[in-house]
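Below is one structure, written out as structure tokens; the observations come after it.
The values are calculated or read from the model by the stated rules, or taken from the named source; none is laboratory data. Values in this document were obtained by computation on a predicted structure and should not be read as measured data. So basically every Cβ, Gly included, is an ideal-geometry build from the backbone, and we count neighbours across all protein chains shown. Areas reflect the complete protein model, heavy atoms only, side chains present, ligands, DNA and RNA absent. Shrake-Rupley method; radii C 1.70, N 1.55, O 1.52, S 1.80 Å.
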Amino acid sequence: MNEVAAFFDVDETIINFKSMFSFYEYWCKEKGLLTQYNEYITKFKQDMQSGKRRELLNKDYYQQFTHVPLDALNKSGQEWFQQCLNKDIFINETVSELRFHQKNEITPVFVSGSMLPLLQPIADYLGVKNIICAPLIINEKGTLTGKIGTPQTIGSGKKEAILSFCDDNDIRAEDCYAYGDDISDIPMLEATGHPVCVGKNIRLMDYAALKGWRNI
């Protein structure tokens, strides 16, 4: 393991869309479950408007895959990603930063509230070997229980997860880089010595200006 890591949020930081929603729509179309998808999206929007916490929204998402075999998700995740490649899905500025770190032997790490079946094909495509993501709870039959473990890799959970990664790999967080696009990424960004904001989120850009953080 290299002595420095660069931690990347994925959705709307590496790719220009939300992987979880994109995949769930794909999954439901393939399985003939579009009514289920539409009901989920309607409830999600209502919960967002009512101020439901993102951590709880994330848990609600994974309940949609209760009793689904992990092998089936892995297979569909690969197929979904191949379909995504027909579009312009990458944020070029961030991918350029990732390539720069790889060239300079800085270890890139994905940190996302999304799940491994969706992140693995993206990581493979970009040559990223380390992924920190939603800790799916799988039963002894290899089937999702609909629950996720801890730390939940959004908000402060991202900070907890990357600090644990640094401890496990003898890396100093203050030497590391972090990339995020949303105010929920602030705990992760603040945990490193080189935070970088991606995109045009006004609240994040205002915070970054106060802190003197770089924006791409």
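Restricting to region 40-90, and then to whatever is touching a strand residue (DSSP E or B) at 6+ places or on another chain (Cβ under 7 Å) and open to solvent by 80 Å² or more (accessible area, probe 1.4 Å), can you tell me which residue is nearest to Pro135 (Cα to Cα)? The qualifying residue nearest to Pro135 (Cα to Cα) is Lys59. Taken over region 142-182, the criterion of being buried (at least 21 other Cβ atoms within 10 Å of the Cβ), more than 30 Å from Ala72 (Cβ to Cβ), out of contact with any Phe, Trp or Tyr (no Cβ under 6 Å at 6 or more places or on another chain) and hydroxyl-bearing (Ser, Thr, Tyr) is satisfied by Tyr177 alone. Within region 154-167, at least one residue is under 26 Å from Asn201 (Cβ atoms) and not in a helix (DSSP H, G or I). Of the residues examined, Tyr37 is one that is touching an Asp or Glu at 6+ places or on another chain (Cβ under 7 Å), open to solvent by less than 80 Å² (accessible area, probe 1.4 Å) and over 17 Å from Ala123 (Cβ atoms). The set of residues from region 191-200 being surrounded by fewer than 19 Cβ atoms within 10 Å (Cβ to Cβ) and within 23 Å of Asn16 (Cα to Cα) comprises His194, Gly199, Lys200. Scanning region 188-203 for residues that are assigned to a loop (DSSP other than H, G, I, E, B), touching a residue at least 24 places away in the same chain (Cβ under 8 Å) and under 20 Å from Asn130 (Cα atoms) returns Ala191, Thr192. In region 95-109, the residues that are surrounded by fewer than 13 Cβ atoms within 10 Å (Cβ to Cβ) reach residues that are not in a helix (DSSP H, G or I) with C-beta atoms within less than 7 angstrom, at least six apart or across chains, in these pairs: Glu105/Asn2. Restricting Asp185, Asp206 to residues that are open to solvent by less than 50 Å² (accessible area, probe 1.4 Å), of a type in the set (D, E, K, R) and assigned to a helix (DSSP H, G or I) narrows the list to Asp185.
Those helices (runs of 4 or more DSSP H) of region 7-73 in which at least 2 residues are touching a residue at least 60 places away in the same chain (Cβ under 8 Å) and on the phi < 0 side of the Ramachandran plot, considering only elements entirely within it, cover 19-31, 54-63. Kindly provide the set of residues from region 177-216 that are farther than 17 Å from Val10 by Cβ and of a type in the set (A, V, I, L, M, F, W, C), ordered by number. Those that are farther than 17 Å from Val10 by Cβ and of a type in the set (A, V, I, L, M, F, W, C): Ala191, Ile202, Met205, Ala208, Ala209, Leu210, Trp213. For region 22-34, taking the residues that are open to solvent by 60 Å² or more (accessible area, probe 1.4 Å) and of a type outside the set (A, V, I, L, M), the one that is nearest to the chain's Cα centre (by Cα) is identified as Glu25.
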